[in-house]
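Okay, so here's the structure we're looking at.
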Protein chains: 2
Amino acid sequence: MAVTLADVAQACGISPSTVSRALAGSPKVRPSTREHIRRVAEQMGYAPNRIARSLSMGRTGAIGVIVPDIANPFFPPIIKAIQARAARKDTAVLLVDTDEHAGDELERARVLARQVDGLVLVSPRTPEDQLAEFVRLAPVVFVNRRVEGAACVLIENADGLQQAVQHLTALGHQRICYLAGPRRSWSNRQRRASLAAACAEFGVELSEFGPFEPQMQAGVRAADLVRASGYTAVIAYDDLIALGLMARLAEHRMRVGRDISVIGVDDSPMSGLAYPTLTSIHVPGAEAGSVAVDLLLRRLDQPGSDPAVIELETHLVIRGSTGSVRLDPLPT
Amino acid sequence: MAVTLADVAQACGISPSTVSRALAGSPKVRPSTREHIRRVAEQMGYAPNRIARSLSMGRTGAIGVIVPDIANPFFPPIIKAIQARAARKDTAVLLVDTDEHAGDELERARVLARQVDGLVLVSPRTPEDQLAEFVRLAPVVFVNRRVEGAACVLIENADGLQQAVQHLTALGHQRICYLAGPRRSWSNRQRRASLAAACAEFGVELSEFGPFEPQMQAGVRAADLVRASGYTAVIAYDDLIALGLMARLAEHRMRVGRDISVIGVDDSPMSGLAYPTLTSIHVPGAEAGSVAVDLLLRRLDQPGSDPAVIELETHLVIRGSTGSVRLDPLPT
DNA sequence: CTGAAAGCGCTTACAG
DNA sequence: CTGAAAGCGCTTACAG
């Protein structure tokens, strides 16, 4: 029912082969015929059937993206950047949300791999020892997780966390409490290690509560632990936990930024709009997304190339949720 | 390189036709052969090439979903429900985020339509007079927008808003200020109309500021207008605007729930976790998503069927951001 | 520069 | 119940 290559060919009185080549912009077609064909095709409203093209070319022009949870504000900027970058390269994006079910990732990837040219795996939760499976499925780029021998786009939290610890010590805090993320999370292990290093460097005592799911509700739960413990400085695994924490502390009339300092990770849009505004570590999500697409597309075009590992940096954004120990801020 | 139908057929010593039928579960194949074929296929790791199947069947087994902005918390529940429902029906989902660019929707839909069996258009921003174009592209279901003659899943805000006005009047508020959403938004027009009706019913004065984009930042801007105006009750187009408003009011030491009452729309996860918690109108996003998939799939299977119009209801969820005029709440 | 032919991997009337 | 054949809409060596 849609107009096909053969229809255009017939209308032009020439062979489908030539129409195909003309539309592909092949230099082997005489310019005048090419123009004529193009005009006719346009005017007939011809649009190629991508499915048919995929089958004959052995390439789908699509990539698959798997994320744990699109409702977590960490992911939308990455997804948007992936879509934008892919669209620019005329590549479609199939998105799968696994709802944080680590056990589903491999199976979903297996199905997805058959319909796309390659996969971007964002913050996969699959255990270390099964990660190699993904690489066998299709060309793959991992985002926010290091996998030996595979292409990765990593977010290096060390700088941001080091700045966070420095900032807190400058404000007089001697002890820092870390609200840990999910145990299976690679980011969490990375953040905890960086934090330990930074605390050692500045001579600060570090302790930990958790693990917590990356959701505000978990931060609410954490709040009561934090209150009971008497810590004056908290670094949360992510902004969601930090925001939940702050909301609950406010309920108990604790003044965040005065009685207690809170730092998140992600620098999500909400962090600038909470009250008080949330000091947070900026994570270049959008950049990670577009770099991932570039890496994947390059791997598809040059199958031989070495899998690249890109590390992106982070930095601290200071806002209202951190302040000096026991000292009143500006008079109001 | 992957194992194909022909490979399986050869391994079994029978024709590809029969293998195809056996795997499709056709009753025309002798049960014993069917079992044998299945075992061999399984053991060879055969998985059908969906692209090839699509081409020969004229159906892709995928649906396209277009949303204005995945970063807006209104959409993730809908998207997740669509994915879950589609996955259960063995249908893939191609997701496109238009970044609130109304002008891009039609073009993106056009491209998408060629790779899927049908489209779900969530809260499309395209002007009224071009909406019919989508229907011509492919089988379509609209979510959160009424389109004459097309299948729609609508969220009827009237009940929720009526409850909201009733709630506010019961608390003693005589005037209500509405913070309007985007002008091109169908929801906004619908909400404004329902609100006007409810206010008329309860004899409340209604005025309006806006339009505002559905983002917290817009709520921050709105806050200064609201403060200057002296209104004691505000209903915002959505939770994001309401949350931005609350954050900014808090900065100015206004006590939301006491000095002023604020109501949002969406009942997003954050509304229960802000401080104070946000009274909001619950919108059944997840239900809308799965109903939309059902509708679309039914249209694909029964092309003749009439396009259904489903209306989902809303209701008010009362939390901490609304309170009596000028009266102190419980002593603490 | 252009065309006829084969092929991508499946499905499905049409014959047995 | 099973097989040979045609076809889905494209691309691309292979000949001219």
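Shown for chain A: the carbon plus sulfur share of the solvent-accessible area, taken with all protein chains present and a 1.4 angstrom probe, equals 51%.
Between beta-carbons, use under 13 Å as the cut-off and find the net charge around residue A:271, counting Lys and Arg +1, Asp and Glu -1. Result for the local shell: -3. Centroid-to-centroid, using Cα positions, region B:178-203 and region A:146-162 are 48 Å apart. Restricting the trypsin sites (Lys or Arg not before Pro) of region B:263-332 to loop positions (DSSP other than H, G, I, E, B) with no more than 11 neighbouring Cβ atoms within 10 Å leaves B:326. Each of B:80, A:28 has its accessible area taken with a 1.4 Å probe; listed largest first, they run A:28, B:80. When the helix-only estimate is applied to chain B (DSSP H runs of n ≥ 4, each -39,500 (n - 2.57), divided by the residue count), what is the mean residue ellipticity at 222 nm, nearest 500 deg cm²/dmol? My calculation for chain B gives -13000 deg cm²/dmol from helical runs alone. Using a cut-off of 13 Å between beta-carbons, work out the net charge of the residues near residue A:70 (Lys and Arg +1, Asp and Glu -1, residue A:70 not included). Net charge in that neighbourhood comes out at -4.
Between residue A:300 and residue A:6, full extension at 0.36 nm per residue minus the direct alpha carbon distance yields a gain of 102.8 nm.
Comparing A:115, A:190, A:43 in a Gaussian network model of chain A, where Cα atoms under 10 Å apart are tied by springs, the biggest mean-square fluctuation is seen for A:43. For the protein assembly as shown, the solvent-accessible area of protein heavy atoms averages 44 Å² per residue (probe radius 1.4 Å; ligands and nucleic acids excluded).
Interface size, chains B and A: roughly 3600 Å² of accessible area buried, both sides included, 1.4 Å probe, rounded to the nearest 100. Helix A:239-251 sits at what angle to the longest principal axis of chain A, using alpha carbons and giving 0 to 90 degrees rounded to 10? Computed tilt is about 40 degrees. Solvent exposure of residue A:156, expressed as accessible area, is near 40 Å², computed with a probe of 1.4 Å over the protein chains only.
For region A:5-48, relative contact order (Cα pairs under 8 Å, six or more residues apart, normalised by length) works out to 40 percent.
Considering only alpha-carbon pairs that sit under 8 angstrom and 6 or more positions apart, the relative contact order computed for chain A is 17 percent.
For region A:91-114, a decrease in accessible area of 10 Å² or greater in the assembled protein chains relative to the isolated chain, with a 1.4 Å probe, applies to A:92, A:93, A:94, A:95, A:97, A:99, A:108, A:111, A:114. Computing FRET efficiency as 1/(1 + (r/R0)^6) for residue A:156 and residue B:174, where r is the C-beta to C-beta distance and R0 is 56 Å, gives about 0.50. Compared with the dominant Cα axis of chain B, that is its longest principal axis, helix B:31-44 is turned about 70°.
Mean sequence separation of contacting Cα pairs (under 8 Å, at least six apart), scaled by the length of region A:190-332, corresponds to a relative contact order of 21 percent.
All other residues whose Cβ lies under 14 angstrom from that of residue B:137 are scored, Lys and Arg at +1 and Asp and Glu at -1, for a net of +1. The simple Förster model, with R0 at 41 Å and r as the Cβ-Cβ distance, assigns residue B:217 and residue B:89 a FRET efficiency of 0.60. Suppose we compare each residue of region A:262-302 in its chain alone and in the full protein complex with a 1.4 Å probe; which ones drop by at least 30 Å² of accessible area? Buried on complex formation: A:270, A:273, A:275. Taking B:187, B:321, B:26 in turn, the Gaussian network model of chain B (Cα-Cα springs below 10 Å) assigns the largest fluctuation to B:26. Position residue A:211: other-copy label points at 4.5 nm, ordered by increasing distance, label point 7 Å along Cα→C-beta. The residue among A:17, A:29, A:40 whose Cα reaches farthest toward the positive pole of the charge dipole of region A:5-48, with charges on the beta-carbon of Lys, Arg, Asp and Glu, is A:29.
Extending 7 Å from the Cα toward the beta-carbon at both residue B:52 and residue A:24 defines two label points whose distance is 2.1 nm. Build a GNM of chain B with springs between Cα atoms under 10 Å apart, and of B:96, B:65, B:29 the one that fluctuates most is B:29.
The values are calculated or read from the model by the stated rules, or taken from the named source; none is laboratory data. Given the structure is predicted, the values throughout are model-derived calculations rather than measurements. Ideal geometry is used to build each Cβ from the backbone, glycine not excepted, and the neighbour counts take in all protein chains shown. SASA here: full protein model, heavy atoms, side chains in, ligands and nucleic acids out. Shrake-Rupley method; radii C 1.70, N 1.55, O 1.52, S 1.80 Å.
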